[in-house]
Amino acid sequence: MSTELDLYKKMYLMRASEEAIIKYYPEDEMKTPMHMSMGEEAIVAGVCHALSDADYALGTYRSHALYLGKTGETRNFFAELYGKCTGTAKGKGGSMHLSSPEKGLLICSAIVGSTISIANGVALACQMRNEDRVTAVFFGDGATDSGTFWESINYAALEQLPILFVHEDNDLAVHTRKTNRHGHNGIETVLQNYNLEVLVENSNDPMSIFNKAFNAIKIIKEERRPVFLSTKYYRYLEHVGINTDFHEDYRNNENSQWMNFDPVMNQRKKIIDQNILEKEELEEIEKMIASSIEESVLLAKNASPSNTFELYTDIFA
């Protein structure tokens, strides 16, 4: 199977799943805030495809794409969004706290930057156990303004941890642009002063991102050196919610311009133009994925909700 096709299937699963969320969310049965991943699919698909099943990943509250990219499953995913006992956290975590430890997705968190330091701990544990694993932590540009980010970068560089920092840069921290937040000319320039490798990928081409992530993992494993991978994307929807109508005039007419570079649409075109698959064959794959998603939604709707007893399970004290 072609890597290009595998990447498209991952991205199509992400996009179609979120389109299903947009379709059903107005029914008000999904009692969880949604931070949608539309626009960043190429980053997550490329990096996740480069990671092995044994490698770990940690993410943010914008967790849909990462969960789907690391697991490839939708039944537990939708059950969690619907707050059902068959969900990834038995309905108690919702959209912002997806996880699948058995697939290597350890945690996603609603607290900005919080999983970066946790990822350091995971990477340190792997190093101490002499395990051949990479820990990838995904975070947005807003997280780079936090103290835990800089402390984690410093510690990872100091101890040479087997960690991949995946910087998903959409130029915004909620509504605030980098020019209004950063007193430097680029985080990549600043990080050149640390004892780690800095890689930059400005395209939204999943194959380019996969190759860059594959190279990053090779550096981590062979050179025993942490890597910071800077990527760029455009978030199509509002910071939170399923709408394209933005609450403040901070986007202007950018959306229509960026849609010309949509990673899912462009990858689909590449599959057909390069004769990797005939259009009809690709449409059959898309139908199978869409059908699986609809089945997952139906199962989630009909599943039992978590009962009050679940409030006392999976807790420390």
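Coordinate-derived values only; no laboratory data. Everything quoted here is computed from the prediction, not taken from an experiment. Here the Cβ is made from the backbone with ideal geometry for all residues, glycine too, and neighbour counts use every protein chain on show.
Sorted by mean Cβ packing within 10 Å, highest first, what order do the peptides 75-84, 231-240 take?
On the way: 75-84: 23.7, 231-240: 20.0.
Ranking the peptides 75-84, 231-240 by packing returns 75-84, 231-240.
Taken over region 1-43, the convex hull of the Cα atoms encloses 73 Å³ per residue.
Rounded to the nearest 0.05, what FRET efficiency do LYS287 and ASP6 have when you use their Cβ-Cβ distance and R0 = 25 Å?
Numbers: r = 18 Å, r/R0 = 0.71.
For LYS287 and ASP6, the calculated efficiency is 0.90.
Pairs of lysine in region 79-208 with Cα under 30 Å and at least 8 positions apart or on different chains: total? Value for region 79-208: 4.
Using 0.36 nm per residue, how much length does the chain from MET265 to ASP132 gain when fully extended, once their Cα-Cα distance is taken away? Present the calculation step by step, with values, prior to reporting the outcome.
Working: separation 133, 0.36 × 133 = 47.88 nm, distance 3.56 nm.
Separation in residues times 0.36 nm, less the Cα-Cα distance, equals 44.3 nm.
Rounded to the nearest 0.05, what FRET efficiency is calculated for GLN274 and THR308 with R0 set to 45 Å and r the Cβ-Cβ distance? Taking R0 as 45 Å, the efficiency between GLN274 and THR308 is 0.25.
With only Lys, Arg, Asp and Glu charged, each at its Cβ (+1 for the first two, -1 for the last two), find how big the charge dipole of region 3-308 is about the Cα centre; round to the nearest 20 debye. Mind dumping the intermediate values first?
Values: 31 positive and 44 negative charges, 140 e Å.
Computed charge dipole of region 3-308: roughly 680 debye.
Where Lys and Arg each count +1 and Asp and Glu each count -1, what net charge lies around GLU280 among other residues with Cβ under 11 Å from its Cβ? Counting the neighbours of GLU280, the net charge comes to -3.
In straight-distance terms, cross-link reach from LYS279 covers every one of the aspartates and glutamates whose alpha-carbon lies under 15 Å from its own, apart from those fewer than eight places away in the same chain; here that gives GLU4.
Which one, PHE138, LEU282, MET36, is farthest towards the positive end of the dipole of the chain when Lys and Arg carry +1 and Asp and Glu -1 on their Cβ? Of the listed residues, the answer is PHE138. Multiplying the residue separation of CYS85 and THR244 by 0.36 nm and subtracting their alpha-carbon distance yields 54.1 nm.
Once you keep just the Cα pairs under 8 angstrom separated by 6 or more residues, what percentage relative contact order results for the chain? Spell out each step's value before the answer.
Details: 566 pairs, mean separation 75.5, N = 317.
This gives 24 percent for the chain.
For region 3-308, the antiparallel share of DSSP beta bridges with both residues in that region comes to about 15%. Shape of region 162-317 from the C-alpha gyration tensor: rounded (a/c under 1.5, with a ≥ b ≥ c the square roots of its eigenvalues).
Under a Cβ-Cβ cut-off of 15 Å, what is the net charge of the residues other than GLY186 that fall near it, where Lys and Arg count +1 and Asp and Glu count -1? Spell out each step's value before the answer.
Values: positive: ARG177, LYS178, ARG181, LYS232; negative: ASP141, ASP145, ASP169, ASP171, GLU188, GLU201.
Result for the local shell: -2.
Computed extension gain for ILE22 through ASN211, at 0.36 nm per residue and net of the alpha carbon distance, reaches 64.9 nm. Label-to-label distance for ILE111 and LYS218 is 3.8 nm, based on points extended 7 Å past Cα in the beta-carbon direction.
Could you tell me which of rounded, prolate or oblate describes region 72-185, using a ≥ b ≥ c as the square roots of the eigenvalues of the alpha-carbon gyration tensor, with rounded for a/c under 1.5 and, failing that, prolate when a/b is larger than b/c and oblate otherwise? Don't skip to the answer; put the middle values down first.
On the way: a/c = 2.72, a/b = 1.22, b/c = 2.22.
Oblate is the answer for region 72-185, as a/c is 1.5 or above yet b/c matches or exceeds a/b.
Taking every pair of alpha-carbon atoms in region 148-188, give the share separated by more than 13 Å as a whole percent. Walk me through the numbers on the way to the answer.
Numbers: 533 of 820 pairs.
Counting every Cα pair in region 148-188, those more than 13 Å apart make up 65 percent.
For TYR233, the shell of other residues with beta-carbons less than 10 Å away shows a net charge of -3, using +1 for Lys and Arg and -1 for Asp and Glu. Only helices enter this figure: runs of n ≥ 4 DSSP H residues, each worth -39500 (n - 2.57), summed and divided by the residues of the chain, yield -13500 deg cm²/dmol at 222 nm to the nearest 500.
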